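The structure under discussion appears below in the form of structure tokens.
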Amino acid sequence: MLKSLYFKIVLILLIFIIAVMATVGAILMSGVSSYYNTDFSKQMENCFDTDGTLMSDLRQSASPYAMKNILASYGSILGIDQYRNYYILNTDGIPLAGSDSTLSQSLEITPNILAAISGRDGNTSTGALDYSDWAVRITSESEDGGDYIIYIKDSLDEMKELTNILFRIIIQAVIVGVIIAVILSFFLAKSISSPLKTLTEGTKLVASGEFSHEIGIQSEDEIGVLAESFNTMRERLRDTIEEVNGEREKLDTVLTCMRDAVVAFAADGTLIHCNNSAEELFADDFSAGELSLETCIERLDIPLSVDGNRIELTSADAAVENTRDGFIFRDRIMNSRVYDVSFAVIRYVSENSQASGCLIIIHDTTARYELDESRREFVANVSHELRTPLTSIKSATETVRYDPEMDEPTKEYFLDIVLDETDRMTSIVSDLLTLSRLDNKRTKWNIETFDVKQMLRRIVEKMLGSFEEHRHKVSFGAYKTVPEITADRQRIEQVFINIISNAIKYTPDGGHIDIKLMNSQNAGMILVKITDNGIGIPEEDVGHLFERFYRVEKSRTQDAGGTGLGLAIAKEFVAAHGGNISVESKVGVGTAISIELPVECALKTEKRR
């Protein structure tokens, strides 16, 4: 109701009437006030003219009482009444006589009186006061006389009464105007909203697929033109939809059940058919009605040029196979997915005439492509990671074997190298097995409820030796309101140890590491933030930090090694729990890693289901 056009028209007219009457009332009352102040000033100027009779008589008076009699005789000219009084003051502003003896005892010293005391005319008038006054200094010409101040004060009560009367009249006028405006607005709103309501109902019928209802044209104004245009649009839309439905029925039988994306275009590049898979693939263009042959070719990065019925390759591409009716393009990338695209020319009947177009079949080969890429990358990374310890083991073993006279300490040194490198290979294989279980969803989780604050405190105590070895200062703080969480204690502890170890490793000796536990801004989450003032990570490497086997070589020292799997495993553990891990870093300043974990982990939720 409040959002309807009917209500808005009524409301606008009411606001208009009230605004007009309020403006008129404000102007009238302001005019009355201005008139009274101006009239008072003019009257006082005329009465207290320097060359006037009143001023002459006052100067010849010898006492305040004589002046009082003179002012009383001029009372009608001065406008003296129950609202306006005169007073005779000495030069200190003390009342000596006047028309209101009671008020004279507590007469307020006004700015105009102060002006008269200082020898100037007190004729300043301001609308901000609730009274009008006038003060004139009189120097008696009599031998026994002195200086006196004649003060006229009007309380403006008469003006206030008139203003109140005007206000009541205006309120009455507003009420009458509002009643008239409501009545007129009802008729006006009905005359405008009724045809629009009819048009709206017709629009809803068309939107629901009903094209038989025709809107009656009741006037020749803009609304009538709109109704006529709508009827024309309805007829054209009905014809177009019937034609499109006829064309789609020819292809639906063959293409509906295909899992590959299938898109058909007319010779001019317009879309004539698109199955569900294609709609999902080109969701943005399809919903906007902008999916065309040119758009499809551009999105899939196909080296084709289409000019009417003529289709040509624009460049030699090794990943293109020629077929009888078109081409097959291998490994086309779109939206981070990989596709094989089959392009063929088709012919069909439209409006009893032969027409031609093209058909594009898009097969998703992302899984195969990623598998091949991951295999190649895995072999290269594992080969690189295992070759280094194997080389060290081989060198140390050969040195011991071919030097039988080697002293015992040297032999122990080389055997330690063999053991260290063997442990390193074992760690690599263990990490690979962990990632393999995560990838294949074969990880066994031990879900329990525990206190993260106690866990972090225990980790700091356990790693205190490493902190002292590097002379690092460590600080730990936790909010009191952080709740316990439900998660895999061992895996979460492994995540914290891994990140704190990296902070120790890549912070120069004597650095500072800060660990904070707090409630996350996201409801139902906690946040652990580990900050160091270490060497930092270059901006271009931050986005790759959690990739497997990725190492930021620019930030490594000769003593700081690693397989590049620790952070990848940490991210997988946190993600499996339904959390998130993020990095903020600046070279030479330090690194801050934020780990956000749910109070009730996703693994627990899945188990309950």
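The values are calculated or read from the model by the stated rules, or taken from the named source; none is laboratory data. Bear in mind the structure is a predicted one, so any value in this text is a computation, not a measurement. Cβ coordinates were reconstructed from backbone atoms using ideal geometry, including for glycine residues, and neighbour counts include every protein chain displayed. The accessibility values were calculated without ligands, DNA or RNA, using every heavy atom of the protein model including side chains. Shrake-Rupley method; radii C 1.70, N 1.55, O 1.52, S 1.80 Å.
Rg and Dmax in Å for region 488-542, alpha carbons only: what are they?
13.2, 38
Rounded to the nearest 10 Å², what accessible area does K462 have for a 1.4 Å probe in the complete protein model?
130 Å²
Tilt of helix 222-255 relative to the longest C-alpha principal axis of the chain, in degrees (0 to 90, nearest 10)?
The answer is roughly 10 degrees.
For n ≥ 4 DSSP H runs only, could you compute -39500 (n - 2.57) per run for the chain, divide by its residues and tell me the 222 nm figure to the nearest 500?
The per-residue figure over the chain is -16500 deg cm²/dmol.
First select every other residue whose beta carbon is under 13 angstrom from the beta carbon of T110; then total the charges, Lys and Arg +1, Asp and Glu -1.
My count for the surroundings of T110 gives -3.
Mind giving me the nanometre distance, one decimal, between the label points for S76 and S305, set 7 Å out from Cα along Cα→Cβ?
Between S76 and S305, the simple spin-label model gives 11.1 nm.
Go ahead and run the numbers for FRET between D416 and K473, Cβ-Cβ distance against an R0 of 41 Å, rounding to 0.05.
Efficiency computed from Cβ-Cβ geometry: 0.85.
Could you pull out every one of the aspartates and glutamates with an alpha carbon less than 12 Å from that of K529, ignoring same-chain neighbours closer than 8 positions?
Within the straight-line limit of under 12 Å, K529 reaches these aspartates and glutamates: D514, E584, E596.
Where does the chain land on Rg(C-alpha)/(2.2 N^0.38 Å)?
Cα Rg divided by the expected 2.2 N^0.38 Å: 1.91.
Based on the mean of other Cβ atoms within 10 Å per residue, sort peptides 591-602, 450-461, 160-171 so the most packed one is first.
Answer by packing, highest mean first, reads 591-602, 450-461, 160-171.
Just the accessible area per residue of the chain, please: how many Å² with a 1.4 Å probe?
Roughly 59 Å² per residue, with all protein chains present.
When the Cα atoms of region 408-526 are enclosed in a convex hull and the volume is divided per residue, what value in Å³ results?
Per residue, the Cα convex hull of region 408-526 comes to 156 Å³.
Could you state the angle between the C-alpha long axis of helix 64-73 and the longest principal axis of the C-alpha atoms of the chain, as a value from 0 to 90 degrees rounded to the nearest 10?
Long axis of 64-73 versus the principal axis of the chain: about 90 degrees.
If packing is taken as the average number of other Cβ atoms within 10 Å across a peptide's residues, how do 411-423, 495-507 rank, most packed first?
495-507, 411-423
Using only Cα atoms, find the angle between the long axis of helix 157-207 and the longest principal axis of the chain, and express it within 0 to 90 degrees, rounded to the nearest 10.
30 degrees
Of all the Cα-Cα pairs you can form in region 1-96, what percent are over 19 Å apart?
Everything past 19 Å amounts to 63 percent.
Cross-link partners among lysines for K190, C-alpha distance below 21 Å, same-chain residues fewer than 8 apart left out?
Within reach: K3, K8, K204.
Exceeding 18 Å between C-alpha atoms, which entries from my cross-link table qualify? They are K453/K516; K453/K586; K453/K505; K42/K160; K394/K505.
Those over the limit are K453/K586; K453/K505; K42/K160; K394/K505.
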